[in-house]
Amino acid sequence: MRLFLNGLAASAGGGLTYLRNVIPSLAARRDVQTTVAVSPALRQEFGDLPRISFAPVKRSAGVVGRFWQEQTALPELLRSTRSDVLISAGNFALRKSPVPQILLSRNSLYTSPDFYRDLRSRGECRMWLDTRIRGMLAKRSLRWTDCTVAPSKAFADELHRWAGVEVIPIYHGFDRDLFFQDGLPLSLEVGRKLHATAHSLRLLFVSHYTYYRNFETLIRALPALKQALAPRTVRLILTCDFSQTKGYCADSAERLLRQLDLESEVVQLGPVPYRSLHHLYKACNVYVTPAYTETFAHPLVEAMASALPIVASHLAVHREICGSAAVYFSRFSPDELAQKVMEVVSSTEIWARLAENGKRRSENFSWSNHVDQIVALAVSLSGSRRDLRNLDDSVEK
């Protein structure tokens with residue numbers, strides 16, 4: 001089986017996490033040869049892997065440029081590499097693919113009414129229009145592909161309601177050995193910032209700044225937590241820096257910190273390398289996520305594997321991924337968020353139960369299982385296309 005994995009769309013967050021885990025898992029399979037298209041910067045991370053070759057393509061700037069590049073260049077690449085199946089990992093499919101195509105859909109912004117309302121309230125007219133246009137392309141892509149895969153059943157159902165097509169849920173994975181290997185220690189600067197929060201309750205949120213991750217609700221919950229936990233201090237640990245955001249404007253979050261006098265309570269570490277993240281999880285007490293839309297959320301599995309109790313917004317995806325390893329709050333209620341955090345930190349029984357449930361729950365997610373299911377799906381699609389060609393040939397004869 002020859003696969004072609006198009007990962008040119010991956011630039012941050014879950015897209016990079018996906019490729020960093022799936023490509024080595026594909027390399028471990030002796031029954032698959034995979035050609036991969038990724039950005040040159042990401043290509044350098046992998047070195048030489050068995051049964052993996054990298055297509056000599058440069059990542060075009062912007063969504064429109066990338067979309068055009070894929071539509072024009074991919075067909076010839078698929079033919080020249082003699083690929084049997086195309087796996088499109090960037091929400092957009094190749095129209096009239098010469099080989100069977102699996103579309104990996106993992107962007108819920110196109111289907112989220114909350115996101116469009118949020119953009120209107122922030123006056124982000126250009127982003128609203130851009131998301132609408134991308135959404136139309138993504139919706140068409142669901143009909144261009146042979147099969148669409150979503151990383152959770154909740155999101156698969158959402159896509160089905162949105163586009164009226166069948167979508168297969170296949171969980172993203174987690175590699176415990178890779179995640180917890182010694183890897184890189186936390187940088188001296190990050191270590192210094194964490195040391196300054198010693199003896200505080202450390203709430204962790206792993207995300208770059210985006211609107212749909214709903215940072216402002218999390219920030220608004222801090223005053224109630226400060227009052228309830230006094231004299232113990234509370235620190236919110238973030239893996240982003242509001243002054244260095246890309247694509248989104250963090251002015252509202254920075255303004256909120258000043259208005260509520262919370263600048264010392266929110267510790268902005270900036271991006272933390274993936275190989276160092278397990279040290280950060282272990283240094284914190286509770287994982288929190290106020291996101292108002294999600295498709296999977298890798299940090300939830302990382303937090304569960306790290307035995308961190310989770311306080312998550314009440315989303316179908318969060319409930320599906322975490323189950324009884326989390327407590328849940330209404331996604332736009334800072335008061336309820338603060339209340340749920342207090343329930344967790346005030347009860348050693350609840351804390352221990354959530355942590356133990358999380359460790360067990362995290363074992364349900366495996367990158368090797370994910371790749372096994374994707375490869376099995378590719379084999380099935382390739383066989384179906386071959387059977388159809390044979391049938392057409394026999395009819396012509």
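No value in this document is a laboratory result; all are computed from the given coordinates. Treat the numbers as computed from the prediction; the structure is a model and nothing was measured. Neighbour counts are summed over all protein chains in view; Cβ atoms, including those assigned to glycine, are modelled from backbone coordinates with ideal geometry.
Observations on the model:
- Whole-angstrom gap from segment 242-314 to segment 49-106, using each part's C-alpha centre: 32 Å
- Peptides 97-109, 113-125 ranked from most to least packed give 97-109, 113-125, packing being the mean of other C-beta atoms within 10 angstrom over each peptide's residues.
- Among 371-382, 279-290, the order from most to least packed when residues are scored by Cβ within 10 Å on average: 279-290, 371-382
- Residue-count net charge about Ala253 - beta-carbon cut-off 15 Å; Lys, Arg +1, Asp, Glu -1: -3
- Whole-angstrom Cα spans of segment 176-362 along principal axes, big to small: 41, 35, 35
- With a simple spin-label model that places each label point 7 Å from the Cα along the Cα-to-Cβ direction, the separation between Arg176 and Met1 comes to 2.6 nm.
- Taking one quarter of the surface of the convex hull spanned by the alpha-carbon atoms of segment 87-172 gives a direction-averaged projected area of 5.6 nm².
- Residues Glu349, Glu356, arranged from fewest to most other Cβ atoms within 10 angstrom of their Cβ, appear as Glu349, Glu356.
- Projecting the Cα positions of Gly14, His278, Tyr171 onto the charge dipole of the chain (unit charges on Cβ atoms of Lys, Arg, Asp and Glu, taken about the Cα centre) puts Gly14 furthest along the positive direction.
- For segment 176-362, with +1 on Lys and Arg beta carbons and -1 on Asp and Glu, the positive-most of Met342, Pro185, Ala297 along the dipole: Pro185
- Projecting the Cα atoms of Met1, Leu109, Ile219 onto the charge dipole of the chain (Cβ charges, centred on the Cα centre) puts Met1 farthest toward the positive pole.
- Calculated mean residue ellipticity, 222 nm, the chain: -15000 deg cm²/dmol, from DSSP H runs (n ≥ 4) at -39500 (n - 2.57) each, averaged per residue and rounded to 500.
- Counted residue by residue at 0.36 nm each, then reduced by the alpha carbon distance between them, the extension gain from Leu129 to Ser243 reaches 38.5 nm.
- Cα-centred dipole magnitude for the chain, charges only on beta-carbon of K, R (+1) and D, E (-1), debye, nearest 20: 600 debye
- Potential lengthening between His314 and Phe46 on full extension [0.36 nm per residue; Cα-Cα distance subtracted]: 92.8 nm
- The charge dipole of segment 70-110, taken about its Cα centre with unit charges on the Cβ of Lys, Arg, Asp and Glu (plus for the first two, minus for the last two), comes to roughly 60 debye.
- Here the calculated FRET efficiency for Ala28 and Arg161, from their Cβ-Cβ distance with R0 = 35 Å, stands at 0.45, rounded to the nearest 0.05.
- Proxy reagent accessibility, fewest Cβ within 10 Å first, across Lys139, Lys96: Lys96, Lys139
- The GluC sites (Glu not before Pro) found in segment 208-289 that occupy coil by DSSP, while having at most 15 further C-beta atoms within 10 Å, are Glu263.
- Estimated D of segment 9-130 in µm² per second, where Rh is the Kirkwood radius over Cα pairs and Stokes-Einstein applies at 37 °C, 0.692 mPa s: 203 µm²/s
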